[in-house]
1. Quick check: residue separation of residue 130 and residue 5 times 0.36 nm, minus the Cα distance between them. What number comes out in nm?
2. Divide the volume of the convex hull of the Cα atoms of region 33-129 by its number of residues and quote the answer in cubic angstrom per residue.
3. Round to a whole angstrom and tell me the spacing of the C-alpha centers of region 41-55 and region 106-122.
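Coordinate-derived values only; no laboratory data. Not measured: the values here are computed from a predicted model.
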């Protein structure tokens, strides 16, 4: 009987491990694979001739938001390598500086907000509104 309980527990553990291995995780924003895997989307986001209110930029931003984790991003260079400089809006709120990238299409929007101090990113967040 004990043999069957051990076998059952082992099967449950294997099932949990297999399901965890199959889960898709986001790539950290500083990962070099992002520039290869999402080269087309990054090219669209950095294109100064495409409006931030276009479907193309909205779709590119949506793919980046779904697949890239910005919570550990710490360098302005990495942020600018993904988004460029043209679409970013700098501001300050309650003495905290930030850079905001907003991409809209019709009634949907995706907003990337990076709190900065000097040349360092303190915090990065993504907000999607539909």
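1. Using 0.36 nm per residue and subtracting the Cα-Cα distance, I get 40.1 nm.
2. Cα-based convex hull of region 33-129, divided per residue, equals 91 Å³.
3. Distance between centres, Cα-based: 16 Å.
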